[in-house]
1. Quick check on the stretch 104-128: of everything there that is outside any helix (DSSP H, G or I) and within 22 Å of Ser48 (Cα to Cα), which residue is farthest from the ligand (Cβ to nearest atom)?
2. Any idea which of Ala114, Ala83, Ala65 is within 30 Å of Ala183 (Cα to Cα) and crowded, with 24+ Cβ neighbours inside 10 Å?
3. For Ala99, all conditions in the list (1) touching a helix residue (DSSP H, G or I) at 6+ places or on another chain (Cβ under 6 Å); (2) of a type in the set (A, V, I, L, M, F, W, C); (3) outside any strand (DSSP E or B) hold save one; what is the number of the exception?
4. Go over the candidates Thr157, Thr181 one by one and state the one that is open to solvent by less than 60 Å² (accessible area, probe 1.4 Å), β-branched (Val, Ile, Thr) and more than 26 Å from Pro355 (Cβ to Cβ).
5. Name the pairs whose Cβ atoms lie under 6 Å apart, with the first residue in the stretch 68-83 and closer than 16 Å to Val168 by Cα, the second open to solvent by 40 Å² or more (accessible area, probe 1.4 Å), and 6 or more positions between them or separate chains?
6. The conditions are (1) part of a helix (DSSP H, G or I); (2) within 16 Å of the ligand (Cβ to nearest atom), and Ile54 fails exactly one of them. Which is it?
7. Mind checking which helices (runs of 4 or more DSSP H) fall wholly inside the stretch 256-365 and carry at least 1 residues that are touching a residue at least 40 places away in the same chain (Cβ under 8 Å)?
8. Scan Glu208, Glu151 and give me the residue that is among the acidic types (Asp, Glu) and within 13 Å of the ligand (Cβ to nearest atom).
Amino acid sequence: KKGNYDHFMQKEIHEQPHSLTTTMRGRLKHNSVLLGGLKEHMKTIRHSRRIVFIGCGTSYNAALAARPILEELSSIPVTMEIASDLLDRQGPIYREDTAVFVSQSGETADTLLALEYALENGALCVGITNTVGSTLARKTHCGIHINAGCEIGVASTKAYTSQIVVMVMMALAIGADRISTQARREDIINGLSDLPNQVSEVLKLDREMKDLAESLINLESLLVFGRGYNYATALEGALKVKEVALMHSEGMLAGEMKHGPLALVDETLPIIVVATRDSCFSKQQSVIQQLHARKGRLIVLCSKGDAQSVCPGRSCRIIEVPQVADCLQPVVNIIPLQLLAYHLTVLRGYNVDQPRNLAKSVTTQ
Ligand code: F6R
């Protein structure tokens, strides 16, 4: 069932133009978004005092990627909870909250326990999952299936991008009653329709990412800096590298760089900086300059045509990706990092589809 591919992870990475198409199928209509699963509860969601995203691992990261656009289009405060941490703290969840649970499998123990906790506390519980009939799908009040197709590789790839797209569509649906953001929403909807094409485009970086992986194969560590929409890209890129390539990697908020991580910078430690065009671009340019001044070994992920603007001295390695609507950019930007993690794993001789010590569905606490 791997077709022409050597591994499921590789197949699932390359399948993303198709999985994103199925995620959006029947849901984008005449400049509006149709999410049947949320329709009856939309009024309650719009009136909630807070939206809380709850998940683990990659699913948490997907929610983090969608958080800024949900805040922007809904004007409702959006907070983030890692399921186990919410349970450890017994953090406050109120009747006036909408709790959105994100899980590819729909069977993750921590996420399901957090769901029970939120139900007991009277919140409206929304599920976002890839698995029809899963416990998450059954126990939430309403929800959206991401329809990415079965994901077999333990490392989540196509589910991540489909989760982001579903949560962007959710933000569009929640914000649909506002005239003031209509043009913005139309732009995003147009961006969504074209997204599978842009993803096909960025997948052409496969060879380049293999070359990059070859240059990193014997290193011990890799940092990834992002911010804004692409803070999630940094966390998720680093998670992929550590879980499959078994290489230490950390995703970091670029705004925190001066508060500690800068001490790590030297000529040997590779650092990926995500600096595609959006409202944070100039801040990322200055982060690059500061890393450069400390002789950091930089790999910059930037928008097509921006190589000069992000790295005038040509001393960085550049990964150029197509520019899309700011809130959809994390979908495009994660793909070179997925490819990098994949190639690093194969080159280092590790098991791509079943990394040591990990299971696809974590059904124990
Ligand atoms: C990473 C990965 C894990 C899962 C996490 C949550 O590639 O697969 O971090 O994302 O265990 O799983 P789900 O989404 O099934 O709840």
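The values are calculated or read from the model by the stated rules, or taken from the named source; none is laboratory data. Keep in mind it's a predicted model, so treat the numbers as computed, not measured. Cβ sites come from the backbone with ideal geometry, for glycine too, and all protein chains shown count toward neighbours. Accessible surface areas use protein heavy atoms only, side chains included; no ligands, DNA or RNA. Shrake-Rupley method; radii C 1.70, N 1.55, O 1.52, S 1.80 Å.
1. Looking at residues that are outside any helix (DSSP H, G or I) and within 22 Å of Ser48 (Cα to Cα), I get Gly122.
2. Result of the check over Ala114, Ala83, Ala65: Ala65.
3. Result: Ala99 fails condition (3) only.
4. Thr181
5. Between residues of the stretch 68-83 that are closer than 16 Å to Val168 by Cα and residues that are open to solvent by 40 Å² or more (accessible area, probe 1.4 Å), the close pairs are Pro77/Arg50; Val78/Arg67; Val78/Glu71.
6. (1)
7. 281-293, 329-348
8. Checking each option against the conditions leaves just Glu151.
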